[in-house]
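This report concerns only the one structure given below.
The values are calculated or read from the model by the stated rules, or taken from the named source; none is laboratory data. No experiment lies behind these values; they were computed from the predicted model shown. Ideal geometry is used to build each Cβ from the backbone, glycine not excepted, and the neighbour counts take in all protein chains shown. For accessibility, only protein heavy atoms count, side chains too; no ligands or nucleic acids. Shrake-Rupley method; radii C 1.70, N 1.55, O 1.52, S 1.80 Å.
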Amino acid sequence: MTPGTILQILVVEDDPVVASQLTCFLTGLGWKVDFAASGKLAIRLSKAQRYDAILLDVAMPDLPGADILAQIKQACDSPVLLMNPGQDPAGNAAFAAADDSVPDPSDYRDIVSRCQRFATQEPLAITA
């Protein structure tokens, strides 16, 4: 990834304050950010658009986070970063499909770093 690369991000968050702050921060970096306040909308957007990263709050009001994750992973190959304050999904098999997890959604440096890492990962070549 070269400096100034514009990433396409989907923020899935039901808390309007957290969503607004995170979306504004990422947009301020020049990134293109879509926002979903429900799991159903997140799934719909993930089917319609390719994202460099999907930031998923694991506690959404309409669907369980594990169900949203499973449906997003079924719909697309975008990496999913779980945002789960005070929870550790590492031991939870329902969240095993996630690509990474950040324990503090207000740690924007950590989120940006992880999104940039997703964008620089090259897909593995499959050879037979």
Q) What pairs come up if the first residue lies in the stretch 6-34 and is within 22 Å of L69 (Cα to Cα) and open to solvent by 70 Å² or more (accessible area, probe 1.4 Å), the second is at pLDDT 95 or above and of a type in the set (D, E, K, R), and their beta carbons are under 9 Å apart, counting only those six or more places apart or on different chains? A) none
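Kindly check whether there is at least one residue in the stretch 39-60 that is modelled with pLDDT of 85 or more, among the basic types (K, R) and more than 24 Å from I6 (Cα to Cα). Don't jump to the end; show me each part of the working.
Keep residues of the stretch 39-60 that are modelled with pLDDT of 85 or more, which gives 39-60.
Next, only the ones that are among the basic types (K, R) stay: 40, 44, 47, 50.
From the residues that got through so far, the ones that are more than 24 Å from I6 (Cα to Cα) too are 40.
For the stretch 39-60, residues modelled with pLDDT of 85 or more, among the basic types (K, R) and more than 24 Å from I6 (Cα to Cα): present.
Picking from D104, D77, D67, which residue would you name as being at pLDDT 90 or above and in a loop (DSSP other than H, G, I, E, B)?
Details: D104 fails: at pLDDT 90 or above; D67 fails: in a loop (DSSP other than H, G, I, E, B).
Only one candidate passes the filter, namely D77.
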